[in-house]
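Engineer: Quick one: this structure, given as structure tokens, is what I'll be asking you about.
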Amino acid sequence: MKRKIITTSDGSKTIHIVDWNEQYHSKHGAIQEAYHVFIKSGLELFEKKSISILEVGFGTGLNCLITLIESKRLQLQIDYKGVEAYPITSKEHQQLNYISELNASKFQSEFSQMHSCLWEKNVQIDANFFLIKEQKDFKEIEEENEYNLIYFDAFGARVQPELWTEVIFLKMYKALKKDGILVTYAAKGSVRRAMQAAGFQVERLPGPPGKREMLRARK
């Protein structure tokens, strides 16, 4: 499918899939959305701990980058797994402006390593951050009781409804440890009901710019 780099409302770039009229991040602000959904509503629930994170939809690496940045403030040791069926290209990665928009030049080498490191290999990004990327379909996720936090950042239910079903959320439920958290930008009633059917306790939260609500689920 044809993809192109676009600029979102907060100045940060994302990738637009032309055939689907769908973006990797909100057109109202890629960085704003990532911070609101995954950091403020997810990562900040943990502090001064060692945690394991699963990202469903590694995509541009933005969520991974800001998690690394914020892990310093929160004093976290993180094992991070990013699952992605269709990795972006090196050319696309080089057009992303997250380092400059985040004023995070000291993390440039780490962000580059996130994209250049081998798939299926556990890599030490810095002293307290380990990353493994797995190229596979989300339906192939089979871990049990492994993660404290899941970033569920799949493409929207409008274009990939099969990723927002009870079957998928049951896999997410099994993958989380007790009291584990799943956060996502989505807020559709069908998504919330699928989460609840899988066993989650689900709450609606205020959404990022451009969205009224988002969902957070607890095991």
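The values are calculated or read from the model by the stated rules, or taken from the named source; none is laboratory data. Bear in mind the structure is a predicted one, so any value in this text is a computation, not a measurement. As a convention, Cβ positions derive from the backbone with ideal geometry for all residues, glycine included, and neighbour counts pool all protein chains shown. The accessibility values were calculated without ligands, DNA or RNA, using every heavy atom of the protein model including side chains. Shrake-Rupley method; radii C 1.70, N 1.55, O 1.52, S 1.80 Å.
Engineer: Roughly speaking, to the nearest percent, how much of the chain's 1.4 Å accessible area is carbon and sulfur? Walk me through the numbers on the way to the answer.
Structural biologist: On the way: 4560 of 10010 Å².
Percent of accessible area from carbon and sulfur atoms in the chain: 46.
Engineer: Please list the non-local residues whose amide H lies under 5 Å from the amide H of Gly180, H modeled 1.01 Å from N, same-chain partners needing a gap of 5 or more.
Structural biologist: It is Lys219, by chain and number.
Engineer: How many percent of DSSP beta bridges within the chain run antiparallel, rounded to 5? Let's see the in-between values first.
Structural biologist: On the way: 20 of 42 bridges.
If I count the DSSP bridges inside the chain, around 50 percent turn out antiparallel.
Engineer: Please enumerate, by chain and number, the aspartates and glutamates with C-alpha under 19 Å from the C-alpha of Lys49, excluding those fewer than 8 residues away in the same chain.
Structural biologist: List returned: Glu70, Asp79, Asp126, Glu146, Asp179.
Engineer: Moving on to the next point. Cut-off under 23 Å on the C-alpha distance; same-chain residues fewer than 8 positions from Lys2 excluded. Which lysines are left, in chain and number order?
Structural biologist: Lys13, Lys27, Lys91, Lys136
Engineer: Quote to one decimal, in nm, the extra length available between Thr7 and Asn145 on full extension: 0.36 nm per residue of separation minus the C-alpha distance between them. Don't skip to the end; give the middle numbers.
Structural biologist: Values: separation 138, 0.36 × 138 = 49.68 nm, distance 3.80 nm.
Extending this stretch completely gives an extra 45.9 nm.
Engineer: What residues from region 1-26 fall in the zone where the backbone N is under 12 Å from a label point 7 Å along the Cα-to-C-beta line of Gln95?
Structural biologist: Taking a point 7 Å out along Cα→Cβ of Gln95, the residues of region 1-26 whose backbone N falls under 12 Å are 2-7, 13-18.
Engineer: What residues qualify as long-range amide H neighbours of Gln77, i.e. H under 5 Å apart, gap of 5 or more or another chain, H built at 1.01 Å from N?
Structural biologist: Under 5 Å from the amide H of Gln77: Lys49, Ser50, Ile51.
Engineer: For every other residue with a beta carbon closer than 10 angstrom to the beta carbon of Phe38, add +1 if it is Lys or Arg and -1 if Asp or Glu, then tell me the sum. Don't skip to the answer; put the middle values down first.
Structural biologist: Numbers: positive: Lys40; negative: Glu33, Glu44, Glu55, Glu70, Asp153.
Residues close to Phe38 contribute a combined charge of -4.
Engineer: Given a cut-off of 29 Å, what percent of all Cα-Cα pairs of the chain lie beyond it?
Structural biologist: Details: 4372 of 23871 pairs.
In whole percent, the share of Cα-Cα pairs in the chain beyond 29 Å is 18.
Engineer: While we're on this one: So which trypsin sites (Lys or Arg not before Pro) in region 71-127 are both in a DSSP loop and have at most 15 other Cβ atoms within 10 Å of their Cβ? Please list the in-between numbers first.
Structural biologist: Numbers: sites: Lys72, Arg73, Lys81, Lys91, Lys106, Lys121; in loops: Lys121.
Passing both the DSSP loop test and the Cβ count: Lys121.
Engineer: Nearest 20 debye, what's the magnitude of the dipole of the chain about its Cα centre given +1 on Lys and Arg Cβ and -1 on Asp and Glu Cβ? Walk me through the numbers on the way to the answer.
Structural biologist: Working: 31 positive and 28 negative charges, 103 e Å.
In debye, rounded to 20, the chain gives about 500.
Engineer: What ranking of Phe46, Phe152 comes out by heavy-atom accessible area, probe 1.4 Å, highest first?
Structural biologist: Numbers: Phe46 20, Phe152 0 Å².
Ranked from most to least accessible, the order is Phe46, Phe152.
Engineer: Size of the dipole of region 134-219 about the Cα centre, Lys and Arg at +1 and Asp and Glu at -1 on the beta carbon, nothing else charged, in debye to 20? Intermediate results must be reported in sequence, preceding the final value.
Structural biologist: Numbers: 16 positive and 13 negative charges, 107 e Å.
My answer is approximately 520 debye.
Engineer: Just the number please: accessible area per residue for the chain, 1.4 Å probe, all protein chains included, in Å². Each step should come with its number before you reach the end.
Structural biologist: Numbers: 10010 Å² over 219 residues.
Value for the chain: 46 Å² per residue.
Engineer: Run through region 1-93 and list the GluC sites (Glu not before Pro) located in a DSSP loop whose Cβ has at most 13 other Cβ atoms within 10 Å.
Structural biologist: Values: sites: Glu22, Glu33, Glu44, Glu47, Glu55, Glu70, Glu84, Glu92; in loops: Glu47, Glu84.
Here the sparse-neighbourhood loop sites are Glu47.
Engineer: Using amide H atoms built 1.01 Å from N in the peptide plane, name the residues 5+ places from Glu22, or on other chains, whose amide H lies under 5 Å from its own.
Structural biologist: Correct list: Ile17.
Engineer: Right, next: Among Val123, Val167, Val18, whose mean-square fluctuation peaks in a Gaussian network model of the chain (Cα, cutoff 10 Å)?
Structural biologist: Val18
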